[in-house]
Structures are given as structure tokens and as C-alpha cells.
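The structure under discussion appears below in the form of C-alpha cells.
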Amino acid sequence: MLQFDDVLEYLREFGLYQKRAYFLLCLVYTLPASHAFAQVFLAAETDHWCYIPELEKYEEDCNVSNTVMFCQDMMKNHSIPSMESSSQCGSGLVYGNCERYENLSYSNDTMKCNHGWRYDRSQYKSTVFQEFDLVCNRYFLAALSSSMFQLGLLVGGVIFGALSDKIGRMPSMMLAVLCMLVAGTACAFSPNIIVYSICRLIIGCGVIGVWLIAFVLATEYVGPSKRVIAGMVVSSFTSIGCTILAVFAYFIRYWWILQLCISIPTAIFLSFWWLIPESPRWLLSVGKYNRANKIIKACAEVNKVTVPDSMYEEMSNDNKEEMGNALDLFRLPNMRRKTLNIFYNWFTVAMVYYGLSLNTSNLGGNDYLNAFLAGAVEVPAYILAIFLPETRLGRRWSQSSTLILGGVACVLTLFTPSSKTMLQFDDILEYLGEFGLYQKRAYILLCFVAILPASHAFAQVFLAAETDHWCYVPELDKYEHECSLNNTVMFCQDLVKNHSIPSEDSSYQCDNGLVYSNCERYENKTYTNDTIECNHGWKYDRSQYKSTVFQEFDLVCDRYYLGALSSSMYMVGLMVGALVFGALSDKIGRLPALMLAVMCMAFGGTACAFSPNIAVYSFFRLIVGCGGMGMFLVSFVLGTELVGPSKRVFTGIVIEFFFSFGYMLLAGLAYLIRYWWKLQLTLAVPASIFLTFWWILPESPRWLLSVGKNKRAGKIIRDCAKVNKVDVPDSVYKEISQDTVETTKPKDEEEKGNALDLFRMPNMRKKSLNIFYNWFTISMVYYGLSLNTSNLGGNDYLNAFLSGAVEIPAYILALFLPETRFGRRWSLSSTLILGGVACVLTLFTPACELQWIGIALAMTGKFAVSAAFAIVYVFSAEIYPTPVRTIGMGFSSMCARVGGILAPQMILIKTLWEPLPIIIFGATSILAGLLTLLLPETRNQKLPETLMEGERFGKKSKSPDDSNSQNGTNLPKYEHNEMKGIDNRGADVIEKGTKDTNRL
């Protein structure tokens, strides 16, 4: 069929005719950009305070001889209570936004604004924020209207994308222009925020329609060598629209006038119906050859070229091209993978682009200058985008490098200095209750979040399950098919293997004699016994697993190690996730960090199911590991921050039960779903349900107070008090609003610790290295036993289910055993030694005749090491002194991650000798248990608060004066006070923002 690009060889790829139409399309591109980012000015937030009609007369009298600002401040001083500034860079007291004094003369009691609000109109004379009172409990509605616009972009992209393919580019673009014109004009006269949001949604539909179709038209007019330039130049007019908006907003300070100024000029674009031609490329694709010929002749006349008559005849005789549909994007596997990859790229680029653009008013400085610069920086960006893809980097590396650069720039903002404030939350919990109904509701939801990370953590057992395999010999396909007509598949497979596959000694300890080779075949199946490597791939036993990563990516023979590598990549993801989401949750909040982690798991897990090779699969497993760690870490911290000191160990252990449920759930799903990619999707897609928790779960009040967001913290505390049916004194809320920075320091004002303090002094160094080895061993043995369930013999699914089930009694034991006379030290030591002995005993059991004994011992080892995992967390936190407690726990977590990374490799060495992994797990566990006895007991001991107390903690006595230093701190003669709000089980690690949990 004749292609339009063939016609362009005569018309020129970018002649005068195309340039005229292209220039008009570039003009069309400007106003949609103004609409897209107008919310920055239309709904700009301004300072506000309660309106008090009683003071109006006094303010009028004051204005006669004073400035307006002076009079406003004087009125506010008499009627509005003060509170600590919640601005990141602010300090000191500011007037409250949502409360006023109940009695202006006789009392400091406050009440909510009962007569509306007044606004600072020094910069913005009128905004949507002011007109519709989007303050206090209506504050979220401003963000909702922005989201409605983004929803409009989503709807418009679908509608106008389909319309432009159905009725043509120009009719669709005119409809989109009409949407912008009508809805934009109506938006200026909105009576309330609901109508305003609906109008913004319709504007969003029109904006994306104009952008989408103008871009497509611009690139369809030109030839292949000009498409990148055409696409980038037309996109650069977006930045012109942004800069125009900033200038308009500077001169027009009333939101509805500004809205009309960017809406009414859209009517000019309706005249382009007679100026811009329809796409000849689209007309040819749908068989409208007469209209296409007419446009091509007009183009040839303007470009002063000649198109042969045979070309027109050939176009007229061509058959209509087959039209595709949306399902064609997903029907074929390679197209499906590419489509999902591109979808995720668009999702990420749009989210970051609009997020940064709409945040310009929060950057500080001049709002108008910020918005102007945000548009101006796009000009060099588009110039770069024109040339960079045409260099040796190409499209792929250009896209990848710009995305990574943007991401790194965003992450680096986390390390810019900012001021913080902090208030003790445990004092408030004395009124709210340590674990009331409000906290229980949130906690059970957080426990549900912990289920899926466990399923993903151990999914590799089934996703990459090893199955029997042998060389594929295509010459025997015909004979195998004929055999299968009258015999079973198993019989025919054995018959074919007998003729084509050599035998070798079995490497499996329960097999005797010969088995068919996995990696060799006969060179000539009839005349010689010479063998060659598999040169046509492999066939797999699919009787149990219909499809696994092991089978799909041929992880056999010299590629066998890649299966373990993908498991290690997941463990690397856990390490990266601990660092990234630990920092993020401290910087942007627990709930936003949790949502980002959920998105990582949902999108990474979904993409993983469509991986084209083992490298991509391993990469997405790393992403899933990041998300899994983030979900569990933030859920753990948020769950423990909502409760009081006496409930922290309880909540920290109970969430582990749900982790076990996730492991058992995996076994059940894997039993029912035997295709790896379907199982992966089943585990990944439900993660999106947790995104709804954004509207259900509260942010951590403890974190909000620590970063000075006292207003939000106060609102959550009020909600909690209401649900828990308790009364919190007004003095507490007043203290929240007026509290200043409060830091917890030892009495000797010791300096902050650093990582070197863990190793500088000899006793601290010995304890630190001992603890590091414990964490390394526990993690390696835990993941090693968990990932090895399919190699224990018996039923893989039952083994995995039991491996998860044994953790439940382990956590119950870990909850109570350290509080008995055993204490922390003997509890940890005994569980480690028990786990190691159980592993070693499997070597002496008749594994082939009595498999159940070996399975029982492996489950005993898993039970013991799971209990040790819970105990070591609390034990370690109590040994480290306060200045380096968080640092020490961070290093311990890092050692645990190294153990987890090595665990799959330990399983891999069974190819050298099958019992070797179990021997390593057993020996390292027993050694760790014995070394634990060198650590001091911490039960009922005062926590070391300084580095010197940490060094003396557990040191052997050298004089009568040091008699109490064996198992506790050698206290100075002055009084030793315990830290406020910390129980004797090390739960203060949670308050200090530790970046670890007792599992992930």
C-alpha cells in the first residue's frame, strides 16, 4: 500500500505549506499551557484569620490615622490566639488561622471561626482559596480541584484520542477548543467549589485534546527526518504559555478576570478550521482518497513541486488500511511489554512534571517569578530534546538519562537544610489512651499492608521453581507426536529421551543410579555416542509448574546462577528501600512515603510479570524489593508511633503475624495458579487497593509534631479524642500551638554520636561487631531456610505454608520469653543455638526414607530463627547508647541485608555438595548463639544514655566500686534519669526514626 511518506518525497518533508500549518498549530499549543498551570494563581493560598464583626468599627476608626497593616495586626492581637509557625523555614509565633478568642476581654478560651474569615489581599486581590473559604477543614478542596483537572486530562486523552482516529484530527481539535472556551468562561462565574472543579475537569479534557491532536497533526505533516524537531518545537510553545500566564497573573490579581483572559482568546482558534488542513496521512489511512488528493495538490502548488499523476491514481486504487483497536496493544507479548513500559514512563513523567509545576508557589520568593522561570527552563529543555536523541545516545538513553537526572535532583532536595520543631507525643497519649479505638482501627489496616510484602519476599520459591529439563531435539518432534496418539505423554517423553539424551550419575542424594542429562544430547541419535551441548534449547517437565521463570528464561546449565542472582537483586532492593523510604518517611511524612512504596510494589510487580528476559525480571524484582521494604518499614513505624510506650513491643510483634499470613497466602495462591506471570500479577495488582488508605489512615501525629506541623497534628488528635470518647484539656491544644523546639539530651550535654563511636572504644567495638554478626547470621539463615522450602522434598506448597505458619508461635514466644528470667541474652542465644542444631541434625536423618523428619527439623530451625529475628531487634536497641542508637540499628540492618543477599547464593552452592548450605546455616547460627552470651543482659537495666555509659555497659568489674557494672551501666554518683517516654525494652528506637524493623 502507498504510504504518505512516499508522497512526501515529492512534496518535500517540510515545505512552505507544512510550515504555515505548523506555525498555526504551535500557536494553538500556548493557551492550554496557561490553563494547565493557572491553578497556581487562581487558587493561591494567602494568610487568613477569623473574621470578628464586633471589631469592625474599631478597625475603621484605627484606619483613619494608621496604615491598614498596623490596624489589622492590632485587631488580631486582641482577638486571635498565637501558635508556633508550621512553615518549614519559619520560626516563632504566628496568629492562628482557624481559631479566635471566645471572649475578647475576659478569657483565653478559644473557639472555631464562627463568622467566616478575613484574608491577606496585599498580593492577591481575589482567589478561589479566598472566595470559597478553602481553609481549615475545607483545605483539601483546593487540591481536589487540581486533581479534577488532572482527571480531565485522563478522560480527554481517551476521548479525543479515539475521536481523532474516528472522525478526523481537525473536527476533534475544534471540539477540544470548544471545551476550553465554554468551560473556561463558565469557570470564571462558578458559584461554589464544586462547580469550579467540574469546569476545571472539562477544561482539562479540552486542554489534553488540543495538545494531543496538535502534536499528532504537527508530526503527521512532515517526513521522518523532521518529526523529532517538529514534535519538540511544538511542545516548546507550552513554556511560552507558562510564561504568558505568569505575566498575566502579575497584572491581573482577580482570579475570575484572569480566568476569562486565558479562556476568551481561545475563540480565535475556531477560525483555524478554515486555515489548517486535515491530515492527509489520516485521510489515506481511512480511505478518503479524494480529500487527501485535494490537500496534496494544494501542498504541491504552495511548495512549487510536481507530483506525478500516477501517484494520485495509485492512492485512489489503494485499499483501505486495516484499523487497529485498543486490544491490539496487549494482544502480542512483545507489544504488551513495550506498551506497559511506555505507559509507566508517561505516568511518571506527567506526575513529576505537574507536581513540580504546581508547587512553584511553595518554593519561596516571588510567585510570579517562580512561575515564569518554571516555564522558561522548558525552552532549553526542549532544545536539548531536539538534538540529544539524534546523537549517539539515541532515544532510549536520552529518555533514561533525563528521567534519572530529574529523579536525582528531586532526591537531593531531601538533604537541603531546614528547621524542625518537636513536641513529646507520649504526654498527649495519657489523655487519648495508649491504644484506643482510633489507634486500633488504623493499626489493623497497617497490619493488612504487611501481608503483600511477605508474599513478594518469598514468591521466588514458586516464580523461579526449578523443574526437570532436558535438551530439545526438534528432529524427534514428529515421532513424539505420533507416539502420543496411542500412549501417555510421560511414556513418549521417556522414549524420546532414551534415544537422544545420554545418562549420567544422579547428583540428588535420594537418587541412586543413572538419570538423563540436563545439559547434553547425543550428536547423532543413531550412529554414535558422542555428545554435544543443547543447541536447540530445552524442554521442561510441566507436570507441576506450567510455567516458571526458570523455564521461560532457560536458567539451566551455564545460566543456572541467574536464578539465584534475581533473588539477590530482591535483597538488594530491600537494602535500597530501607535507605530511601527510611529517609523519605522522615522527610515528607509516613503516609506519603507509604503510598510511594505501594506504587513501587504495584507498578514494579505488574511490570515484572511482563519481563522479556532475566535481566529485566531481576531489575523489577529489585523495584518490588524497594516497595516491599518501604511498605513494611513505614507500616511498622506508623503503627508503633500511634501507640504509647507500653504497647510498642506488642504492636511491633503483632504486625509480624500478618507477615506470616502473607507467606501462607502465597502458598495457597501458588497451589491454585501454576503460571508464574499470572501468580506475579495476582500478588502485584491488589497492592493498588492500599492506595485508598491515603484517605483512611491518619498521618503520624508524632511525626507532625516533630517537624512543626502542629496544626495538622492537632486536628488528628481531636479526631482521635472524638473516636476514643475521651476529653483532652484545652491547655493541651494550646500547648501544641505554642510549643517550641524540645530536644532530649543527657544531663552532661554530651555531643551527638557518629558511626565511628561504635568502634572507637574497645568494649563498644566488641559489642557492635557481635551484634552485627548476629544480624547477618539471622537474616541469612531466615531467608536461606525460607527460599529453600522447595528443596526439602515432599509437597512444595505444604512446605511453604508450614514455613509461614511456624512463625506465628515463634512470635508469640518472642513476645513473652525475653520478659521471663531468661532475659534477652539467653532468649536470643537459645533460639539461635536451637535453630543451628536443628539444621545440623537434618544431615543425620534418613532424608530419603523419612522425608518428614528432615522437613520437621527444617521447620524447627525456621521457628527458632524467626523468634531470634524478633528478639535481636529489641536486644540491640537496648545495648546501644542513646547518641548512637539509631546509627547502630542502621548498621545492624545493613549487615542483615548483606546476609539476605548472600542467602540465595548459599543455596546455589548445593551444586558442589547438597548438604553444604544446611551445614553453613547451622554452623553460623550456633556460633552466633554462643557469641551472644558475651553480650550483657539488658532486662530491667537502665538504658545507657551517653557514650561512656555505653562503653561501661556490660564491662567486667575491676574494683569494688564497679560491682554493678557487669550487667548494667556503671552509673556516675549523680542521679541517672531515664529518658522521658522510653520503656525499658528499647522501643525508643521507633521515636528516633530508626530505619529498620525486626524483619525487613
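Within the set Glu533, Glu523, the sole residue that is at pLDDT 75 or above, open to solvent by 90 Å² or more (accessible area, probe 1.4 Å) and either among the small types (Gly, Ala, Ser) or in contact with a helix residue (DSSP H, G or I) (Cβ under 8 Å, 6 or more places away or on another chain) (or both) turns out to be Glu533.
Scanning segment 445-466 for residues that are of a type in the set (Val, Ile, Thr) and within 16 Å of Tyr782 (Cβ to Cβ) turns up just one, Val461. Remark: pairs (first residue in segment 593-613, hydroxyl-bearing (Ser, Thr, Tyr); second residue open to solvent by 10 Å² or more (accessible area, probe 1.4 Å); Cβ separation under 8 Å; 6+ apart in sequence or on different chains) = Thr606/Leu340; Thr606/Leu681; Thr606/Val685; Ser611/Arg337; Ser611/Phe620.
To keep it simple, each residue is scored yes or no on (1) of a type in the set (A, V, I, L, M); (2) farther than 30 Å from Val723 by Cα; (3) open to solvent by 10 Å² or more (accessible area, probe 1.4 Å).
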| site | (1), (2), (3) |
| --- | --- |
| Leu445 | yes, no, yes |
| Ala450 | yes, no, no |
| Trp470 | no, yes, yes |
| Glu482 | no, yes, yes |
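Collect the residues in segment 615-628 that are in contact with a Gly (Cβ under 8 Å, 6 or more places away or on another chain) and open to solvent by less than 20 Å² (accessible area, probe 1.4 Å), keeping them in residue-number order. Within segment 615-628, Arg621, Val624, Gly625, Cys626, Gly627, Gly628 meet the criteria.
Just one residue in the set Ala805, Ala810, Ala814, Ala838 is small (Gly, Ala, Ser) and within 17 Å of Leu665 (Cβ to Cβ); that residue is Ala805.
Which residues, counting only those in segment 281-311, are open to solvent by less than 20 Å² (accessible area, probe 1.4 Å) and part of a loop (DSSP other than H, G, I, E, B)? Passing the criteria: only Val307. Taken together, the criteria exclude Lys722 from residues that are closer than 30 Å to Gly950 by Cβ, open to solvent by 10 Å² or more (accessible area, probe 1.4 Å) and at pLDDT 80 or above. Restricting attention to segment 676-691, does a residue exist that is open to solvent by less than 20 Å² (accessible area, probe 1.4 Å), in contact with a strand residue (DSSP E or B) (Cβ under 8 Å, 6 or more places away or on another chain) and of a type outside the set (Gly, Ala, Ser)? Checked against the condition, which is being open to solvent by less than 20 Å² (accessible area, probe 1.4 Å), in contact with a strand residue (DSSP E or B) (Cβ under 8 Å, 6 or more places away or on another chain) and of a type outside the set (Gly, Ala, Ser), segment 676-691 yields at least one hit. With respect to being at pLDDT below 75 and farther than 30 Å from Pro277 by Cβ, Val377 fits the description. Inside segment 181-199, residues that are closer than 12 Å to Glu131 by Cβ and not aliphatic (A, V, I, L, M) make up a count of 5. Taken over segment 799-830, the criterion of being among the hydroxyl-bearing types (Ser, Thr, Tyr) and under 22 Å from Gly662 (Cβ atoms) is satisfied by Ser803, Tyr811.
Among the residues of this structure, Glu322 does not count as one that is modelled with pLDDT under 75, open to solvent by 80 Å² or more (accessible area, probe 1.4 Å) and not in a loop (DSSP other than H, G, I, E, B). Restricting attention to segment 553-575, the residues that are crowded, with 17+ Cβ neighbours inside 10 Å and in contact with a Cys (Cβ under 8 Å, 6 or more places away or on another chain) total 3. Taking the listed residues Met631, Met599, the one that is at pLDDT 85 or above and surrounded by 24 or more Cβ atoms within 10 Å (Cβ to Cβ) is Met631, with no other qualifying. Screening Gly184 against (1) touching a His at 6+ places or on another chain (Cβ under 9 Å); (2) farther than 22 Å from Thr266 by Cα; (3) surrounded by 17 or more Cβ atoms within 10 Å (Cβ to Cβ) leaves a single unmet condition, (2).
Give segment 658-677 a look and list any residue that's in a helix (DSSP H, G or I), among the hydroxyl-bearing types (Ser, Thr, Tyr) and within 20 Å of Arg621 (Cβ to Cβ), or say none. Within segment 658-677, Tyr663 is the sole residue that qualifies. Tyr382 meets all of the listed conditions (1) assigned to a helix (DSSP H, G or I); (2) at pLDDT 70 or above but one, namely (2). Look at (1) at pLDDT 90 or above; (2) not in a helix (DSSP H, G or I) and you find that Val222 fails only one, number (1).
For first residues located in segment 235-256 and within 27 Å of Pro191 (Cα to Cα), partners that are assigned to a loop (DSSP other than H, G, I, E, B) and open to solvent by 40 Å² or more (accessible area, probe 1.4 Å) and lie 6+ apart or on another chain with Cβ distances below 8 Å form the pairs Arg253/Gln123; Arg253/Lys125; Tyr254/Lys125; Trp256/Phe189. Counting the residues of segment 16-34 that are polar (S, T, N, Q) and closer than 21 Å to Ala298 by Cα gives 1. Residue selection: Phe14 satisfies the criterion of being open to solvent by 20 Å² or more (accessible area, probe 1.4 Å), among the hydrophobic types (A, V, I, L, M, F, W, C) and outside any helix (DSSP H, G or I). For segment 826-846, a residue qualifies if it is surrounded by fewer than 20 Cβ atoms within 10 Å (Cβ to Cβ) and either at pLDDT below 85 or touching a Phe, Trp or Tyr at 6+ places or on another chain (Cβ under 6 Å) (or both), and the qualifying residues are Val840, Leu841, Leu843, Phe844, Thr845, Pro846. Among the residues of segment 692-702, those that are open to solvent by 10 Å² or more (accessible area, probe 1.4 Å) and in a helix (DSSP H, G or I) comprise Thr692, Phe693, Trp694, Trp695, Arg702.
The values are calculated or read from the model by the stated rules, or taken from the named source; none is laboratory data. It should be emphasised that the depicted structure is a prediction, and the values quoted were computed from it without experimental measurement. Heads up, the Cβs are rebuilt from the backbone with ideal geometry, glycines too, and the neighbour counts pull from every protein chain shown. We work out accessible area using only protein heavy atoms, side chains counted, and drop any ligands, DNA or RNA first. Shrake-Rupley method; radii C 1.70, N 1.55, O 1.52, S 1.80 Å.
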